[in-house]
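One structure is given here, and the rest of the page talks about it.
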Amino acid sequence: QHTDFIFAVVGEELGFFEIDAPDEVAEGQPFSLELRFGWDSQLESRINYANLALPWVGELPGVIELDAPASAPNASFVELNLNSRDRIRAERLNAPMQGKDRTFNVLRVRKRYLAARAGKIEIPTSTLEFGQIDQGGGFFNVRPTREKETYYKRFPGFTIDVLKLPEDGRPVSFGGAVGRIQAMATADRRDVTVGDSIKVTVEWTGEANLEFFDAPDPSTLDAFKAFRLYGTNDKKSYERRTVVYDLAPISPDVKEIPPIPLDVYDPAKKAYVKIETQPLAIQVRPLKNAVSLGVEDGKPG
């Protein structure tokens, strides 16, 4: 984690600024930047102006910006200036931060990205400007109109290394999943007749690029030769990937829905791993006057 305090500027001891970020990520891995910043709590009644100077916002090459993590339902927010021309929404943290000699009232901004290619992500110096202005309008005015007394708190620039995914050990079926993933499967019915539709829902969750990998296709797997795949319904979000597979057993000999595997690159292990759902036991009744469905020359239709 990157954290630092700098006291080179006069009045900087009155401010608080830290950024949590990873030192390295893998290509295709999502990551977050959490900015926490504020000022001496004793100044709170005097602060009516704040500007975040973040020259890297919207300018980082090799990344895709994602939706930020959801805040608590009862979270409180304020808007302040961004780069002296835009506005940014910041969450008020209820618990003050305790520094060496001061207590700080703190705001938080969280940004979330996906590392699209290997290389280095350069985050230049970030600066919080805060203070009091004789203003003509509302709190945290975008453009101060008269004299102002402001202070500055900086966080130094830093680099995030983006590691290329290794070729060694990469499965042929790898579809781009990167991160730490858990899988769970459920079925809408367990007692069916040959040819009946079973909706199998697979949910993948975890700290991963859930919106971006290719979902497994059971029809390409030997374990699903006794099933027909009628279609899929794929729903994506940053916190959950849900795919509903419309499967139908074509033989009364089927006793379970096999595990559905997903090949994942785990950055923590620096290795490819296979994540599988649990098998689901089912009972398949034969059709009247028939023993199988859609089987020709011993192969599923």
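Using 0.36 nm times the number of residues separating residue 186 and residue 89, minus their current alpha carbon distance, what extension gain do you get? Walk me through the numbers on the way to the answer.
Numbers: separation 97, 0.36 × 97 = 34.92 nm, distance 3.90 nm.
Going from the current span to full extension adds 31.0 nm.
Cut-off under 17 Å on the C-alpha distance; same-chain residues fewer than 8 positions from residue 274 excluded. Which aspartates and glutamates are left, in chain and number order?
167, 168, 203, 207, 214, 217, 222, 263, 266
Could you work out the equivalent-ellipsoid semi-axes for the chain, taking the square root of 5 times each eigenvalue of the Cα gyration tensor, largest first, in whole Å? Before the final figure, lay out the partial values.
Values: eigenvalues 595, 82, 42 Å².
That gives 55, 20, 15 Å for the three semi-axes.
Under 5 Å between amide hydrogens, which residues at least 5 positions from residue 16 or on another chain qualify, with H placed 1.01 Å from N in the peptide plane?
The list, which skips near neighbours in sequence, is 38, 39.
Loop-only check: which GluC sites (Glu not before Pro) in region 165-226 are DSSP coil with at most 14 other Cβ within 10 angstrom? Intermediate values should be presented prior to the final figure.
Values: sites: 167, 203, 207, 211; in loops: 167, 211.
For GluC sites (Glu not before Pro) across region 165-226 that sit outside H, G, I, E and B with at most 14 neighbouring Cβ atoms in 10 Å, the list reads 167.
With loop defined by DSSP as not H, G, I, E or B, and exposure as at most 14 other Cβ atoms within 10 Å, which is the longest segment of the chain clear of exposed chymotrypsin sites (Phe, Trp or Tyr not before Pro)?
On the way: sites that count: 7, 139.
The reported range is 140-301.
Mind running the shape call on region 162-301? Use the C-alpha gyration tensor, a ≥ b ≥ c as the square roots of the eigenvalues: rounded below 1.5 for a/c, prolate if a/b tops b/c, oblate otherwise.
Taking the square roots of the gyration eigenvalues as a ≥ b ≥ c, region 162-301 is prolate.
If I take R0 = 45 Å and measure r between the Cβ atoms of residue 222 and residue 56 in this structure, what FRET efficiency does the formula 1/(1 + (r/R0)^6) give, to the nearest 0.05? Write down the numbers at each step before the final one.
Numbers: r = 48 Å, r/R0 = 1.07.
The formula returns an efficiency of 0.40 here.
Percent of accessible area on the chain owned by carbon and sulfur, 1.4 Å probe?
Details: 7390 of 15760 Å².
Carbon and sulfur atoms account for 47 percent of the accessible area of the chain.
Taking only C-alpha pairs under 8 Å that are 6+ residues apart, what is the relative contact order of the chain in percent?
Values: 728 pairs, mean separation 52.1, N = 301.
Once divided by the residue count of the chain, the mean separation gives 17 percent.
Given 179, 99, 260, which one lies farthest toward the positive end of the charge dipole of the chain, if we put +1 on the Cβ of every Lys and Arg and -1 on the Cβ of every Asp and Glu?
260
With labels modelled as points extended 7 Å from the Cα through the Cβ direction, what inter-label distance (nm, one decimal) is found for residue 214 paired with residue 42?
About 6.3 nm separates the two model spin labels.
Hey, what do the phi angles of region 201-216 turn into as Karplus ³J(HN,Hα) couplings, whole Hz, using 6.51/-1.76/1.60 and θ = phi - 60°, x for Gly and Pro?
9, 10, 10, 10, 10, x, 8, 7, 7, 4, 7, 10, 7, 7, 5, x
Along region 38-47, what does the Karplus equation 6.51 cos²θ - 1.76 cosθ + 1.60 (θ = phi - 60°) give for ³J(HN,Hα), rounded to whole Hz, x for Gly and Pro?
Each residue's phi maps through the Karplus curve to give x, 9, 3, 4, 6, 8, 3, 5, 9, 7 Hz.
Which residues' amide hydrogens lie under 5 Å from the amide hydrogen of residue 28, considering only partners 5 or more residues apart or on another chain, with H built in the peptide plane?
Under 5 Å from the amide H of residue 28 lie the amide H atoms of 115, 116, 117, each far enough along the sequence or on another chain.
Amide H of residue 82 versus every other amide H placed in the peptide plane: which residues, excluding those fewer than 5 positions away on the same chain, fall under 5 Å?
Amide H neighbours of residue 82, under 5 Å, 5+ apart: 52, 87, 88.
Scan region 13-105 for GluC sites (Glu not before Pro) in coil per DSSP, keeping those whose Cβ has at most 15 other Cβ atoms within 10 Å, and list them by number.
Listed in order of number, the matching sites are 59.
Determine the alpha carbon to alpha carbon distance for each of 236/269; 164/199; 225/270; 120/269; 236/270 and list only those over 29 Å.
Working: 236/269 25 Å; 164/199 37 Å; 225/270 33 Å; 120/269 21 Å; 236/270 25 Å.
From the list (236/269; 164/199; 225/270; 120/269; 236/270), the Cα-Cα distance tops 29 Å for 164/199; 225/270.
Report the full-extension gain for the segment residue 288 to residue 173: residue separation times 0.36 nm, less the Cα-Cα distance, to one decimal in nm.
Numbers: separation 115, 0.36 × 115 = 41.40 nm, distance 3.87 nm.
Full extension from residue 288 to residue 173 adds 37.5 nm.
The values are calculated or read from the model by the stated rules, or taken from the named source; none is laboratory data. Note that this is a predicted model, so its numbers are computed, not measured. Cβ coordinates were reconstructed from backbone atoms using ideal geometry, including for glycine residues, and neighbour counts include every protein chain displayed. Remember, those area values only see protein heavy atoms, side chains included, never the ligands or the DNA or RNA. Shrake-Rupley method; radii C 1.70, N 1.55, O 1.52, S 1.80 Å.
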